[in-house]
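Following: one structure in C-alpha cells, then a few remarks.
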Amino acid sequence: MLQDRYTLAFREYPYQRAADQDAAEPVRHPVVIVGGGPVGMTAALDLGLKGVPVLVLDDHEGIGMGSRAICIAKRALEIADRLGCGADLVARGVVWNLGKVFHRDRKVFEFNLQPETGHRYPAFINLQQPAFEKALVDRIRVAQAAGAPIEIRGRNRVEGVEVRDDGVVLEVLTPDGPYTLTADWVIACDGAASPVRTALGLGFEGRVFEDSFLIADVKMNVDFPTERRFWFDPPFKSGTSALLHKQPDNVWRLDFQIGWHVDREKELRDENVKARIDEMLGPDIAYEVVWKSIYTFQCRRMTGFRHGRVLFAGDSAHQVSPFGARGANSGVQDIDNLAWKLDLVTRGLAPDGLLDSYATEREYGADENILNSTRATDFITPKSETSKLFRDAVLDLSARYAFARPLVNSGRLSVPCTYDASALNGPDALPGGPARSRPGSPCPDAPLGDGFLLSRLGGGFRLLTIDAEAPTTMEEGGLTIPCLALAASDDPTGALAERYLGHASSAAYLIRPDQHVAARWPGYDDETARAALRTATGRH
C-alpha cells in the first residue's frame, strides 16, 4: 500500500554537491524558491522563462507517490499553456465538465461547468498531482536546455531563515552537512508545514474542521461516465457524504466522509477500507486499491503573504478544504500573479512596492477561496440538527425546482479571482462593456480562426484592440508593449464581441502579464494608456 507521500514516483533531481557548498563566503542568488511541488515548480518555470535566475531548494529528490490533488482547473491550464505545457497536461489527464449531485439514492440535479463554447481548455481535467509535477519538471528540462536560468537542488532542506533589509540569509542542510547562501528574494512554496514560515515564527488564522475523510484510489475497469458524482447521505452508508471521480489509467478517486471521532489506524486497515468500497461499488466489481489516506482540513491563511523579501505562495500561505479543488489551483494562480511583478522589480522596471500588490490581491483571492470552501464544508457537514434539516430541505426541493439548486453546495468549484478593488486597476471607461472583462478580471478566452485569444496574448503586457486604431507598440518606463489588433469579424462565432465589446462598437484594453484586465476604453488614447500602464506597474 502506497501511503507515504515521500516515496518517490519520479527521482528527478538526485542530490549532487553544489559549488556553493565549497565557497569561502555565502553565494548570493537573485531568487531562491523553497519547495519543489507544483507551486514551486510553476514559479521556477515562470521566472526562468522570463530570464530571471532561480534556484529551487527541495528537501526531497523528486516527486512523491499518491494521487493527492487531482483536479486541475481551467485557469491553471491556461497558465500552464502560457508556460508551454497546457496541451501536455490535457493529453495526460481526463477531461470533464459535468457533475451530478445525489441525495441518498436520488439524483438531485446535474450541472455543466462550461456550457459555452469558444474556449481552448475545459473546465477541469483530472490528473494525479505526481503527473502534474512531472509535466512541469519535463517542461523545465526543455527550458533549461534552451538556456532558461533554472537550477534545482534535491535534498537541500532549509533549516534557518534570516530576513534582512537587503536580502535573505538561508541555512541549508544537505547529506554533506550544512551550508549558507543568500538571496535577493525568497519565494516560500514549502507546503502547509512550511519550514520557512516556522523559522520566521509566523502562523495561520482561520478554522480547523473537526471531521475526517477517507480517500481510496482504486484501479478498476468499469464503464462509469466521466463526471463528478457527489452523494449527500449516500445509500451505501459508507459515510455521511461520498465522492466518485475518474483519473487516468483506469484509476478512480473514492472519498468518504467518516466523522471526527474515528480510530484512524483502524479505518486505514485494508479490510475496513475494502468493506467501505465494496458497499459503494457492489460485489461484482473487481478493483485494486493503489493509494489510501485519511485527511482533515482547515480553512486558514497567513495574515500577510509578504514579509520583507520573503513571499509566501500556495499551501505555505493559505489552506482550504479539498471541496472545490482550490488548493493547488489557487497556488498556481499565486505564482501567475507574483512572477511578473518580481520580474519587473528585479529588472528595476517597477518599484519594490509592486510586490505589496501581490500580497493584497492574493490575500483577497485566498479570502474568497476560504469563504467558498467554508460554505461548502458547512453545507456538507451540518453542525446542528436545524442546519441539517435546512440542507435536506434544499436537496429535496432541488430535485424539482431550479430556484433551489444554487443553494446546494457540494463544493463550489475553483474559478479565478477578480481583483475589483486592486490598486493596479486603471479606468473602466468602456460604456456597455461586459462585466466579465472589467478591470481586475481574468481575460475570458475566445476563438480566433484556428487559434484562441489567450494564446495570442502571451505572458507580457499587451494592448488589445477590437475595431479600434492603435500603434503597433507603446513605449513607457522601459517597457515595450505590443498591440494585438483584432476585428470582431476575426471571430465569426461572435464570442469575441460578446466577451469584450458588449454593447460597444470598439474597444481598447490594457492586459497585464497574468492576463488580467488592467484598464479599458472605447478606443486607444496614448496619454491615458500610458497612465494606466504606470498604475499597473505600481509607478503611479
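Return yes when L181 is buried (at least 17 other Cβ atoms within 10 Å of the Cβ), at pLDDT 95 or above and assigned to a loop (DSSP other than H, G, I, E, B) and no when it is not.
no
Could we say that R197 is closer than 21 Å to C299 by Cβ and touching a Gly at 6+ places or on another chain (Cβ under 8 Å) here?
yes
Take G206 and decide whether it is outside any strand (DSSP E or B) and within 28 Å of the chain's Cα centre (by Cα).
No; evaluated as a whole, the condition is false for this residue.
Looking at the structure I just gave you, is Q333 of a type outside the set (K, R), closer than 14 Å to C417 by Cβ, touching a residue at least 12 places away in the same chain (Cβ under 8 Å) and crowded, with 22+ Cβ neighbours inside 10 Å?
Judged against the criteria, Q333 is a match.
Modelled with pLDDT of 95 or more and either closer than 30 Å to P234 by Cα or assigned to a strand (DSSP E or B) (or both): which single residue out of L397, L413, L464 fits that description?
L464
Of these, R539, R530, R512, which one is within 26 Å of the chain's Cα centre (by Cα) and touching a residue at least 24 places away in the same chain (Cβ under 8 Å)?
None of the others qualify; the one that does is R512.
Could you identify the single residue in R264, R301 that is among the basic types (K, R), surrounded by 20 or more Cβ atoms within 10 Å (Cβ to Cβ) and either within 22 Å of the chain's Cα centre (by Cα) or farther than 30 Å from S357 by Cβ (or both)?
Result: R301 is the single residue among R264, R301 that is among the basic types (K, R), surrounded by 20 or more Cβ atoms within 10 Å (Cβ to Cβ) and either within 22 Å of the chain's Cα centre (by Cα) or farther than 30 Å from S357 by Cβ (or both).
Output the residue which, of all residues in the range 163-176 that are under 15 Å from D58 (Cα atoms) and of a type outside the set (D, E), is surrounded by the most Cβ atoms within 10 Å (Cβ to Cβ).
Only one residue fits best here, namely L170.
Let me confirm something: among A317, A286, which residue is of a type outside the set (D, E, K, R) and farther than 30 Å from G460 by Cβ?
Working: A317 fails: farther than 30 Å from G460 by Cβ.
Selected residue: A286, the only one of A317, A286 that is of a type outside the set (D, E, K, R) and farther than 30 Å from G460 by Cβ.
List the number of the failed condition for A216; all other conditions in (1) farther than 28 Å from D58 by Cα; (2) of a type in the set (G, A, S); (3) in a strand (DSSP E or B) hold.
(1)
Hey, could you check the range 28-62 for residues that are crowded, with 24+ Cβ neighbours inside 10 Å and charged (D, E, K, R) and say which is nearest to C189 (Cα to Cα)?
D58
May I ask you to verify whether L127 is crowded, with 18+ Cβ neighbours inside 10 Å and either touching a residue at least 60 places away in the same chain (Cβ under 8 Å) or over 30 Å from S410 (Cβ atoms) (or both)? Walk me through it before giving the result.
Working: crowded, with 18+ Cβ neighbours inside 10 Å: yes; either touching a residue at least 60 places away in the same chain (Cβ under 8 Å) or over 30 Å from S410 (Cβ atoms) (or both): yes.
Considered against the rule, which asks whether it is crowded, with 18+ Cβ neighbours inside 10 Å and either touching a residue at least 60 places away in the same chain (Cβ under 8 Å) or over 30 Å from S410 (Cβ atoms) (or both), L127 comes out as yes.
Assess whether G201 counts as being within 18 Å of A275 (Cβ to Cβ) and more than 25 Å from the chain's Cα centre (by Cα).
no
So, of the residues in the range 403-439 that are exposed (fewer than 15 other Cβ atoms within 10 Å of the Cβ) and touching a residue at least 24 places away in the same chain (Cβ under 8 Å), which turns out to be nearest to G365 (Cα to Cα)?
Selected residue: A421.
A507 passes all but one of (1) modelled with pLDDT under 95; (2) of a type outside the set (D, E); (3) buried (at least 16 other Cβ atoms within 10 Å of the Cβ); which number fails?
Evaluating A507 over (1) modelled with pLDDT under 95; (2) of a type outside the set (D, E); (3) buried (at least 16 other Cβ atoms within 10 Å of the Cβ) leaves (1) as the failure.
Give the residue that is nearest to V289 (Cα to Cα), with candidates limited to residues of the range 63-77 that are out of contact with any Phe, Trp or Tyr (no Cβ under 8 Å at 6 or more places or on another chain) and surrounded by 24 or more Cβ atoms within 10 Å (Cβ to Cβ). I'd like the intermediate steps shown before the answer.
Filtering the range 63-77 down to residues out of contact with any Phe, Trp or Tyr (no Cβ under 8 Å at 6 or more places or on another chain) leaves 68, 70, 75-76.
This time we only want the ones that are surrounded by 24 or more Cβ atoms within 10 Å (Cβ to Cβ), so: 70, 76.
Numbers: I70: 16, A76: 29 Å.
The selected residue is I70.
Here are G160, G154, G191, G203: which of them is surrounded by fewer than 17 Cβ atoms within 10 Å (Cβ to Cβ) and either out of contact with any strand residue (DSSP E or B) (no Cβ under 8 Å at 6 or more places or on another chain) or among the polar types (S, T, N, Q) (or both)?
Working: G160 fails: either out of contact with any strand residue (DSSP E or B) (no Cβ under 8 Å at 6 or more places or on another chain) or among the polar types (S, T, N, Q) (or both); G154 fails: surrounded by fewer than 17 Cβ atoms within 10 Å (Cβ to Cβ); G191 fails: surrounded by fewer than 17 Cβ atoms within 10 Å (Cβ to Cβ).
Just one listed residue meets the conditions, G203.
Do we find that A376 is crowded, with 17+ Cβ neighbours inside 10 Å, within 26 Å of I335 (Cα to Cα) and either in contact with a strand residue (DSSP E or B) (Cβ under 9 Å, 6 or more places away or on another chain) or of a type in the set (K, R) (or both) in this structure?
no
Looking at the range 297-319, which of its residues are under 14 Å from L338 (Cα atoms) and among the hydroxyl-bearing types (S, T, Y)?
Correct list: empty.
Mind checking which strands (runs of 3 or more DSSP E) fall wholly inside the range 231-338 and carry at least 3 residues that are outside the structural domain of A76 (by TED's automatic domain parsing)? Show your work before the answer.
Working: elements: 241-246, 251-257, 288-301, 310-312.
Result: 241-246, 251-257, 288-301.
Please give the number of the condition R92 fails out of (1) more than 30 Å from V345 (Cα to Cα); (2) more than 20 Å from the chain's Cα centre (by Cα).
(2)
Can you pull out the residues in the range 486-510 that are within 14 Å of R436 (Cα to Cα) and either outside the structural domain of S455 (by TED's automatic domain parsing) or touching a strand residue (DSSP E or B) at 6+ places or on another chain (Cβ under 8 Å) (or both)?
A495, L496, A497, Y500, L501, Y509
To keep it simple, each residue is scored yes or no on (1) surrounded by 19 or more Cβ atoms within 10 Å (Cβ to Cβ); (2) at pLDDT 95 or above.
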{"position": "T473", "(1), (2)": "no, yes"}
{"position": "L484", "(1), (2)": "no, yes"}
{"position": "A488", "(1), (2)": "no, yes"}
{"position": "L496", "(1), (2)": "yes, yes"}
{"position": "T537", "(1), (2)": "yes, yes"}
{"position": "H540", "(1), (2)": "no, no"}
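I want to confirm something. Restricting to the range 338-373 and keeping residues that are acidic (D, E) and within 30 Å of L479 (Cα to Cα), which single residue is surrounded by the fewest Cβ atoms within 10 Å (Cβ to Cβ)? So that I can check it myself, show each step before the final result.
We begin by selecting, within the range 338-373, every residue acidic (D, E); these are 343, 352, 356, 361, 363, 367-368.
Adding the requirement that they be within 30 Å of L479 (Cα to Cα) leaves 343, 352, 356, 361, 363.
Numbers: D343: 21, D352: 9, D356: 16, E361: 25, E363: 18.
Only one residue tops the list, namely D352.
Limited to the range 379-402, what total is found for residues that are out of contact with any Ser or Thr (no Cβ under 9 Å at 6 or more places or on another chain) and either hydrophobic (A, V, I, L, M, F, W, C) or surrounded by 14 or more Cβ atoms within 10 Å (Cβ to Cβ) (or both)?
Of the residues in that region, 14 qualify.
The values are calculated or read from the model by the stated rules, or taken from the named source; none is laboratory data. Quantities reported herein were computed from a predicted structural model and do not represent experimental measurements. Please note: Cβ atoms are built from the backbone with ideal geometry, for glycine as well, and neighbour counts cover all protein chains shown.
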